[in-house]
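The structure appears below as structure tokens.
The values are calculated or read from the model by the stated rules, or taken from the named source; none is laboratory data. This structure is a prediction, so every number in the text was calculated from the model and none was measured. Heads up, the Cβs are rebuilt from the backbone with ideal geometry, glycines too, and the neighbour counts pull from every protein chain shown.
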Amino acid sequence: MATRAEAQAIPGILPGKVGVWWFLASEVMLFGGLIASYVVFRLGSAGWSTESAHLSVPIAAVNTLVLLTSSLTMVQAFAAVEGGDQPRLRMHLGLTILLGLTFLGIKAFEYTFEIRAGFTPGAGIFWSFYYTMTGLHALHVLAGIVVNTLLFVRAGRGTRNWHQVELAGLYWHLVDIVWIFLFPLLYLT
């Protein structure tokens, strides 16, 4: 006799995958709402570009490269777990974690520079949006680092759970995609 979970499972879809997709959809709505609000305010404000001119495009470009590279290492981690290669899985998860931490470190450096220059969240509507969107994104990067660290530890114990790596990868790629939208909106306008 089938268990309740087996009876409710959709053939060909991993347990938890539908839930992760629903979660990702809610994250898209969250960031989509913030981005839409930002665009509306930006189109209605005359001096908007003067505020964004104070951001460091080179630093943000390096951070974009770091995050995109972490997406590649996450794909490599999934390929490794599919192939049953635990050492390679740990290496690529470790690289993904390291790149995520690098992204956060660069972002912290950038925040420090901006705050010391007087560009705080209270300095204007642009800065409120900037800190809200990039801060929320940074929290999502941190959450991804925590999940990937748990997977890294489990892989070290010999646990081979490829669908968890796949689900973590879906989340990590969403975090990267959000940054791909934030970078040009905030830094290149």
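Among the conditions (1) charged (D, E, K, R); (2) free of Cβ contacts under 8 Å to residues at least 60 places away in the same chain; (3) farther than 30 Å from Thr159 by Cβ, the only one that Glu114 does not satisfy is (2). Cβ separations smaller than 6 Å between residues 6+ apart or across chains give the following pairs from the range 3-32 residues that are surrounded by 10 or more Cβ atoms within 10 Å (Cβ to Cβ) to residues that are in a helix (DSSP H, G or I) and modelled with pLDDT under 85: Leu14/His163. Considering the range 52-72, and only residues there that are polar (S, T, N, Q) and surrounded by fewer than 21 Cβ atoms within 10 Å (Cβ to Cβ), the residue that is modelled with the lowest pLDDT turns out to be Ser52. Of all residues in the range 148-163, those satisfying the criterion of being surrounded by fewer than 18 Cβ atoms within 10 Å (Cβ to Cβ), in contact with a helix residue (DSSP H, G or I) (Cβ under 9 Å, 6 or more places away or on another chain) and not aromatic (Phe, Trp, Tyr) are Thr149, Leu150, Arg154, Gly156, Gly158, Thr159, Arg160, Asn161, His163. Restricting attention to the range 99-120 and to residues that are within 22 Å of the chain's Cα centre (by Cα) and surrounded by fewer than 15 Cβ atoms within 10 Å (Cβ to Cβ), the residue that is farthest from Leu151 (Cα to Cα) turns out to be Thr112. For the range 84-100, the set of residues classified as without any contact (Cβ under 8 Å) to a residue 24 or more places away in the chain and touching a Phe, Trp or Tyr at 6+ places or on another chain (Cβ under 9 Å) consists of His92 only. Taken together, Val81, Val75 contain a single residue that is in contact (Cβ under 8 Å) with a residue 12 or more places away in the chain, crowded, with 19+ Cβ neighbours inside 10 Å and within 24 Å of Glu166 (Cβ to Cβ), which is Val81.
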